[in-house]
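Comments concern the structure below.
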Amino acid sequence: MSRTLIRSSKILTFDETRPSAEAILVEDGVIVEVGGFAELAESAGPDIRIMDAGSAVVMPGLIDTHPHVMHFGALRGGLVDLSDAVDHADIIARIRARAAETPPGEWIICTPVGEAHYFIRRSWRDLAERRLPDRHTLDLATADHPVLIQAWAPRTPNIVAFNSAGLRAVGLSDFIPDRVCDVEIDKDEAGRLTGIMRGPVNNYYTYDPFWGQILLKLPPLNPDHAVPGVLDEMARFSARGVTTLYEGHAMEPVHLAMYQQLRAAGMLTMRVQATFDVESVIFYPFEPLSLPDFDERLKSLAPQSSETADDLFRIAGMTISPGGPCFAGHFAMHEPYADPFGRPTKGQRFVSLEKEESFVRFCAQNGIRANICIGSYREHDDFLEIAERVVTEHDFRDKAWILQHAITISPDHVRRYKALGFQITTSVGFAWGKGAMYDERIGRHIWRDMVPLRRLLDAGLDVSGGSDWGPKSPWEQIALAQTHEIAGTDLRNDGPDQVITRMESLAMWTTSAAKILGWTGIGSIRPGDHADLIFVDRDPSTCDTDDLKHTRVHRTLLAGNVVHDDATLPSFETSVV
């Protein structure tokens, strides 16, 4: 039996009955008592350990309800990290170092340069040369390995760079036209390939036929790299103060199986709740299932869709994702808007209305929690028409289904989702990173319905936050819920339907998120809760909004065990008799 007494100058409990405290008594990973230090020290008994937080503020671990830790970790695993590269010489050195330990002929694939996934605050434009290196520059790093500097979705158009061996490996020569489908193939003045390509050249959320054929020639995901990549990604989230994840989007059986393997091996460093995506649509090639095959998939996944006994990894429900991002022109709208290449489009749906209704009926009939990932007006209209029709036959209003994304949502949509008993997970980062693009391609009128947190809360809906495409810092997301800044501009979408208070924003990452997941014992500091705690360098409930985004997490505990420590705080175990 292990008993630890945690003391701090300030503990934020997120418990209305006792909002603050001086100490927390933890036994075997569970909070036993919360109160004053002197009283808990007296009642704790002999041989306790004291963890002194010093001036750090202690609060519950954060809950990210749209993180994509599995996807981004697996995709990043094994890549050469160029995110913070400063110039071409730096890029050459990093690739050359990888080449020295890679057998000749094997691919060397690099992350993009800059801040994924919008590349607004930092991108390849911030290299000293203000451009990506061409094939001749990349050849200086290695001539024996195909090399690719990737482009990550959702930003479209985007840009990639191959070396000479990479161009040969995907079958490209100088005879190819300057443009194939929507991909621009850069050439020098002599008509020779430079290795640079622009357009829908993302690693996912791209369906360009030409680029898709190139993607199929790249090496598949290496499981030997995927697992370390996911572990690294979890460590990054722990360092930001996140202790629980909701992986509710684009999770195929292979992704859940990897989480299960990590759980069995004792390698999970945070709690995870996940859902099966019935028909994942974001990776090329996307080949839609027939309706009979879709229905069979529903039946095959149903027995595994409610496994909630474990305290570290849970499966709760199934997901359907009818739509895609506006950046690539997939946002389903009633009126035409400009796609990435200036052509009018009304977007598209990835899942037919017949499949959508089949999904809704199946979940309602079988008591399965449904997670719906949609964000555009037409997607809401289509889904609500189906859901309201089905509810007359199968009352699912007590099921607390989840609407995920809700990038744009009108007052009428909000009212109807509330009537159906939905809960909401969203990301203010959608508006931050896409607001300028929505303004340019659709029109600023859409801003009034863009991530309207105030409107959602005033309607009585439970709302939680997620990092998704960025910013990946939850502290920035919490600040954005107050400021509603539009990245790359000096504008804010801080209208009466958007801005919420600091405590409401913090609740989106703690108590409200725990409620939406239906996971007791997380998101607060109460007797009986898990000791999932973070020690931060400022009081996030009162600090200036500009300071909030720079919050530093000194220590993160999961069930009382340290999963992140930046060595700033004093020694965290002192024996007391």
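The residue list 274, 239, 226 contains one member that is small (Gly, Ala, Ser) and out of contact with any strand residue (DSSP E or B) (no Cβ under 9 Å at 6 or more places or on another chain), which is 226.
If you go through region 38-55 one residue at a time, do you hit one that is in a loop (DSSP other than H, G, I, E, B) and surrounded by 15 or more Cβ atoms within 10 Å (Cβ to Cβ)?
Kept after step one, since they are in a loop (DSSP other than H, G, I, E, B), are these residues of region 38-55: 45-47, 53-55.
Those still in the list that are surrounded by 15 or more Cβ atoms within 10 Å (Cβ to Cβ) too: 53.
Among the residues of region 38-55, at least one is in a loop (DSSP other than H, G, I, E, B) and surrounded by 15 or more Cβ atoms within 10 Å (Cβ to Cβ), which makes the answer yes.
In this structure, does residue 308 turn out to be modelled with pLDDT of 95 or more, of a type in the set (Val, Ile, Thr) and closer than 28 Å to residue 510 by Cα? Here the answer is no, as residue 308 does not meet what is asked.
Mind listing whichever residues of region 344-359 are in contact (Cβ under 8 Å) with a residue 12 or more places away in the chain and out of contact with any helix residue (DSSP H, G or I) (no Cβ under 9 Å at 6 or more places or on another chain)? Outline the logic, then answer.
Here is the first cut: in region 344-359, the ones in contact (Cβ under 8 Å) with a residue 12 or more places away in the chain are 345-359.
Within region 344-359, 345, 348, 350 meet the criteria.
Report whether or not residue 331 is in contact (Cβ under 8 Å) with a residue 12 or more places away in the chain, surrounded by fewer than 22 Cβ atoms within 10 Å (Cβ to Cβ) and aromatic (Phe, Trp, Tyr). Judged against the criteria, residue 331 is not a match.
Hey, among 575, 571, which residue is at pLDDT below 95 and part of a strand (DSSP E or B)?
Numbers: 571 fails: part of a strand (DSSP E or B).
None of the other options fit; the residue is 575.
Among the residues that make up region 267-285, is at least one of them part of a helix (DSSP H, G or I), of a type outside the set (A, V, I, L, M) and surrounded by 15 or more Cβ atoms within 10 Å (Cβ to Cβ)? The answer is no, given that none of the residues of region 267-285 is part of a helix (DSSP H, G or I), of a type outside the set (A, V, I, L, M) and surrounded by 15 or more Cβ atoms within 10 Å (Cβ to Cβ). Here residue 213 fulfils each of the conditions (1) assigned by TED's automatic domain parsing to the domain that holds residue 330; (2) free of Cβ contacts under 8 Å to residues at least 12 places away in the same chain; (3) of a type outside the set (D, E, K, R) apart from (1).
For first residues located in region 166-181 and modelled with pLDDT of 95 or more, partners that are part of a loop (DSSP other than H, G, I, E, B) and lie 6+ apart or on another chain with Cβ distances below 7 Å form the pairs 166/146; 169/146; 174/191; 174/192; 181/208. Here residue 319 passes the criteria (1) surrounded by fewer than 20 Cβ atoms within 10 Å (Cβ to Cβ); (2) within 23 Å of the chain's Cα centre (by Cα); (3) outside any loop (DSSP other than H, G, I, E, B) except the one numbered (1).
Given the conditions (1) of a type in the set (Lys, Arg); (2) over 24 Å from the mean Cα position of the chain (by Cα); (3) under 21 Å from residue 450 (Cβ atoms), which single one is not true for residue 538? Result: residue 538 passes all but (3). Among the residues of region 474-487, is any surrounded by 20 or more Cβ atoms within 10 Å (Cβ to Cβ), in a loop (DSSP other than H, G, I, E, B) and in contact with a strand residue (DSSP E or B) (Cβ under 7 Å, 6 or more places away or on another chain)? Among the residues of region 474-487, at least one is surrounded by 20 or more Cβ atoms within 10 Å (Cβ to Cβ), in a loop (DSSP other than H, G, I, E, B) and in contact with a strand residue (DSSP E or B) (Cβ under 7 Å, 6 or more places away or on another chain), which makes the answer yes. On the stretch given as region 19-30, residues that are closer than 21 Å to residue 55 by Cα and touching a residue at least 60 places away in the same chain (Cβ under 8 Å) total 3.
Restricting to region 286-300, name every residue that is within 23 Å of residue 403 (Cβ to Cβ), out of contact with any helix residue (DSSP H, G or I) (no Cβ under 8 Å at 6 or more places or on another chain) and in a helix (DSSP H, G or I). If the condition is that a residue be within 23 Å of residue 403 (Cβ to Cβ), out of contact with any helix residue (DSSP H, G or I) (no Cβ under 8 Å at 6 or more places or on another chain) and in a helix (DSSP H, G or I), then 297 is the only one that fits. Would you tally the residues in region 423-465 being closer than 18 Å to residue 381 by Cβ, out of contact with any helix residue (DSSP H, G or I) (no Cβ under 9 Å at 6 or more places or on another chain) and in contact (Cβ under 8 Å) with a residue 12 or more places away in the chain? Result for region 423-465: 2.
Out of 468, 458, 490, 494, which single residue is of a type in the set (D, E, K, R) and within 19 Å of the chain's Cα centre (by Cα)?
Numbers: 458 fails: within 19 Å of the chain's Cα centre (by Cα); 490 fails: within 19 Å of the chain's Cα centre (by Cα); 494 fails: within 19 Å of the chain's Cα centre (by Cα).
Just a single option satisfies the conditions, and that option is 468.
The residues of region 508-561 that are outside any strand (DSSP E or B), closer than 28 Å to residue 267 by Cα and among the aliphatic types (A, V, I, L, M), listed by number, are 508, 513, 514, 516, 517, 522, 525, 531, 559.
Taking helices (runs of 4 or more DSSP H) that fall entirely within region 353-435, which contain at least 1 residues that are of a type in the set (Phe, Trp, Tyr) and surrounded by fewer than 24 Cβ atoms within 10 Å (Cβ to Cβ)?
Answer list for region 353-435: 353-366, 377-391.
Filtered by the rule that a residue be in contact with a Pro (Cβ under 9 Å, 6 or more places away or on another chain), assigned to a loop (DSSP other than H, G, I, E, B) and surrounded by fewer than 24 Cβ atoms within 10 Å (Cβ to Cβ), region 436-470 gives a lone residue, 459.
So that you can scan it fast, the table gives a plain yes or no per residue for (1) among the β-branched types (Val, Ile, Thr); (2) in contact with a strand residue (DSSP E or B) (Cβ under 9 Å, 6 or more places away or on another chain); (3) over 23 Å from residue 282 (Cα atoms):
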| position | (1), (2), (3) |
| --- | --- |
| 77 | no, no, no |
| 93 | no, no, yes |
| 119 | no, yes, no |
| 155 | no, no, no |
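Remark: pairs (first residue in region 494-505, under 15 Å from residue 451 (Cα atoms); second residue assigned to a loop (DSSP other than H, G, I, E, B) and not small (Gly, Ala, Ser); Cβ separation under 6 Å; 6+ apart in sequence or on different chains) = 494/484; 497/452; 498/452; 498/484.
Report yes if some residue within region 72-93 is touching a Cys at 6+ places or on another chain (Cβ under 8 Å), assigned by TED's automatic domain parsing to the domain that holds residue 140, surrounded by fewer than 21 Cβ atoms within 10 Å (Cβ to Cβ) and in a helix (DSSP H, G or I); otherwise report no. No, region 72-93 contains no residue that is touching a Cys at 6+ places or on another chain (Cβ under 8 Å), assigned by TED's automatic domain parsing to the domain that holds residue 140, surrounded by fewer than 21 Cβ atoms within 10 Å (Cβ to Cβ) and in a helix (DSSP H, G or I).
Can you find a residue in region 99-115 that is assigned to a loop (DSSP other than H, G, I, E, B) and modelled with pLDDT under 95? Outline the logic, then answer.
Taking region 99-115 first, the residues assigned to a loop (DSSP other than H, G, I, E, B) are 100-107, 111-115.
Imposing the further condition that a residue be modelled with pLDDT under 95 reduces the set to 115.
Yes, region 99-115 contains a residue that is assigned to a loop (DSSP other than H, G, I, E, B) and modelled with pLDDT under 95.
Residue 224 meets the conditions (1) surrounded by fewer than 15 Cβ atoms within 10 Å (Cβ to Cβ); (2) closer than 20 Å to residue 118 by Cβ; (3) of a type outside the set (A, V, I, L, M) in every case but one. The failed one is (2).
The values are calculated or read from the model by the stated rules, or taken from the named source; none is laboratory data. Bear in mind the structure is a predicted one, so any value in this text is a computation, not a measurement. Cβ sites come from the backbone with ideal geometry, for glycine too, and all protein chains shown count toward neighbours.
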